[in-house]
Each structure stands twice: as structure tokens, then as C-alpha cells.
Amino acid sequence: MYIGMNPETFPQIRKYFPDCFYGIVEAVSTYLYDTSPFDRIFSFHTFLYSKKGKELSLQKGSISLNACFSRDDSVMTKVPSYIKKYYGVACRRQKFHTFSEFEAHVIRSLEEKKPVITDFNMGYVEGLWSYKTFYDPHAIVIIGMDKGETVHAFDQTLGHIRITYEDFKECFHYNRKHYKAFRVYNLSHTGLPERKLDQKSALRRIRHNLKNLRAESSRKGFQAIAALTEDLSRFTQQSKAEGAYLQEIWEFSLDRYMLPLFIKQMADDLEVSLPETFRQEMEQLFSELFNKWLAVVLLFDKNFIQYKVSNYEKILTLLKQIYPLERQTIHIWEQVEELIKAQTVEEAG
């Protein structure tokens, strides 16, 4: 017998929300507390590049390159406090060490019509290329169950997924073994109303982005894109070049989707008027960057599944197109900063 929520009416997880876990938190908060979209959260526009060794290469026993190209995720530690501050939603982690306890928690929650946000591993979703071959840590929200047969959940990219009970149980034991516990995340509401962004916090976030983008180090900002492009070009010329994945590169397409929404939410909260020409320029630029970064991610995926030198060549072409477009974004942030300063009163402190 099915217990849980109706998959047809459960809020959809935004496919391009910059983080799968917080995208789920947004959807569940909407379901439980009727919160607004989390457009005040993700303002991050930064680059960090690091590698182990002098040259790019495959990590031993891994599908990944010995490098990480990501946003400055030090700011990610602030996301839970942002969600609590602006939307009144708190998140508490709960660990399970036995499947029977975890199963009982899921059943009890579903009977109470409460979705269960939980860690999962996409190597246990039948039908995916990664099934029982590539174990990718992830997060899902369980919204229903046919006990002993099927678990119904939502994933950010795939939407409604069905997990066999055997795979559900096997995933628990895999995570228990590799991460010491299986974790779920319980939401609660503070009872406080939603808050708007204030001028001080808005300017602080803008200036954090500008500081990173302007950095002269090859590890940060625009220079990081140039350094990656150069390193990847040398890697593709090696006779041992293979299909590989670059960790965290998926972040940039999702961030570019979110940034115009953040800027417009910030302007609404501060009652700052954005000229129509500026809005059009901003949306067009970030849309183009979203599409190009997404194409890079899809080519890395394709290259891993079926390696071809031409895939790397296409990636390099896209990175060379992305670089000047990303440099144009600095003018967007500078204009937003000037508009805020011109139309609001400077806050002390």
C-alpha cells in the first residue's frame, strides 16, 4: 500500500538551482511552509582553480582530473544562516546507524505527510549509466513508498524517480560503510516572517564577487579560467589523454542561471530601479554564459562515457569563448553597486 504525498502535486525542485541539496530544501520549505523562492541566497560569482602537481593528469584509480575548478565555496557555509535569516527555515541533521531505525523514521514521516530529505547515492538508481558502476554522493527527497517494493523520490535533475527497495536498502549500507552514518535533514520554521536583503549585506556580497574576479592570481577570478584553459590544452596534446571529469565545473552554469534572479530580488528588496537596458544586457549575458558553461559540463560527461579528442577540442573552444564573456560581467556588478549606492542611504558599520 502506498504511503506519502502525491508526486503530481509535490513542488518541483528547480532544475538549475545551484545546489541540489538546497534546491530540495527550497521545494520542501514551499510544501511545508509556503515560503517564497530562495532568490536571496545564491549571489556567488567567483572562481577558484587548484591542481595536485605541475600538470593535469588523471588521478590514480579515479575518473577525475587532479584538479578542482569551482566557485569560492567558503561562502557556502553561510547558506544555512541565509535560509534561516531570510526565510525562517532551519535545518537539523539526524544520523542513522541501522536500516531498521532509518526505515521506521521514513515510514513515520510519510504517514504524517512529511517529506524526508536524505543523503543518497545515484549509483543505486536503476536505468542511469552510473547504476552499480559509479557511486556519486547526492541528495534526494523521499515523498512516498510502497513498503518492500518501491521508494518514490524527487531528484533535482531527474524529477520523480523510483528506487527498488533492494537498492534503497543497499544504498543505506553503502553510505553507512563509507560515511559512518546515513543522514537525513529535518526542517523546522522559526515562526519569524521572511526578511528582505538590506543595503549593507547586498554591497558586501557584490564586493566579495568583485574582489575575486579582479584577482591577479592564476588561482582566482578570470585568471583561473585562463590557467585552466592553458593546462587543459596541454593535457589534450598528451598521448595518454583520456576521458576524464573535472570536479565541480557544473557549478558555473547553475550559478549563472541564479545570478539575474538574485540581482532582481535584491533590487526589489532595496527598492532600487534597474534600467530596462541594463536588465536586458544582464539577462542576455548571463543566459549566454549559462548555455556555454552547460555545454562544457555535457561535453565532459560525454567525454567520460565515450572518449574523443574532439570533445576536448570543443571544450577548449567554449572556454575561450567564455573568458571574454565572463570579463564583461564585472561591469554588471559595478553597475549594480553604483545603482544601489545612488538610490539608497549608506548604512553604518
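Being closer than 29 Å to His173 by Cα, surrounded by fewer than 16 Cβ atoms within 10 Å (Cβ to Cβ) and touching a helix residue (DSSP H, G or I) at 6+ places or on another chain (Cβ under 6 Å) holds for only one residue in Ala90, Ala104, and it is Ala90. Checking each residue in segment 22-34 for being surrounded by 18 or more Cβ atoms within 10 Å (Cβ to Cβ) and either hydrophobic (A, V, I, L, M, F, W, C) or outside the structural domain of Thr157 (by TED's automatic domain parsing) (or both) picks out Ile24, Val25, Ala27, Val28. May I ask you to say which residue of Lys15, Lys84, Lys60 is assigned by TED's automatic domain parsing to the domain that holds Phe235 and among the basic types (Lys, Arg)? Checking each option against the conditions leaves just Lys60. Checked against (1) closer than 21 Å to Leu203 by Cα; (2) touching a Gly at 6+ places or on another chain (Cβ under 8 Å); (3) among the charged types (D, E, K, R), Lys84 passes all but a single condition, namely (2). Take segment 241-269 and flag every residue that is surrounded by fewer than 17 Cβ atoms within 10 Å (Cβ to Cβ) and either more than 27 Å from Val297 (Cα to Cα) or without any contact (Cβ under 8 Å) to a residue 40 or more places away in the chain (or both). Of everything in segment 241-269, just one residue is surrounded by fewer than 17 Cβ atoms within 10 Å (Cβ to Cβ) and either more than 27 Å from Val297 (Cα to Cα) or without any contact (Cβ under 8 Å) to a residue 40 or more places away in the chain (or both), namely Asp268.
Residues in segment 107-133 that are polar (S, T, N, Q) and surrounded by 13 or more Cβ atoms within 10 Å (Cβ to Cβ): Ser109, Thr118, Asn121, Ser130. Go through the residues of segment 220-237 one by one and say whether even a single one is of a type in the set (Val, Ile, Thr) and over 21 Å from the mean Cα position of the chain (by Cα). Taking every residue of segment 220-237 in turn, at least one turns out to be of a type in the set (Val, Ile, Thr) and over 21 Å from the mean Cα position of the chain (by Cα). Listed by first and then second residue, the pairs linking a residue in segment 221-234 that is within 19 Å of Glu313 (Cβ to Cβ) to a residue that is surrounded by fewer than 20 Cβ atoms within 10 Å (Cβ to Cβ) and aromatic (Phe, Trp, Tyr), with Cβ atoms under 9 Å apart and 6 or more places separating them unless they lie on different chains, are Ile225/Tyr323; Ala226/Tyr323; Thr229/Tyr323. Scanning segment 222-278 for residues that are among the β-branched types (Val, Ile, Thr) and in a helix (DSSP H, G or I) yields Ile225, Thr229, Thr236, Ile263, Thr277.
The values are calculated or read from the model by the stated rules, or taken from the named source; none is laboratory data. For clarity, every value in this text was computed on a predicted model and none was experimentally measured. A quick note on method: Cβ atoms are made from the backbone with ideal geometry, for glycine too, and the neighbour counts reach across all protein chains shown.
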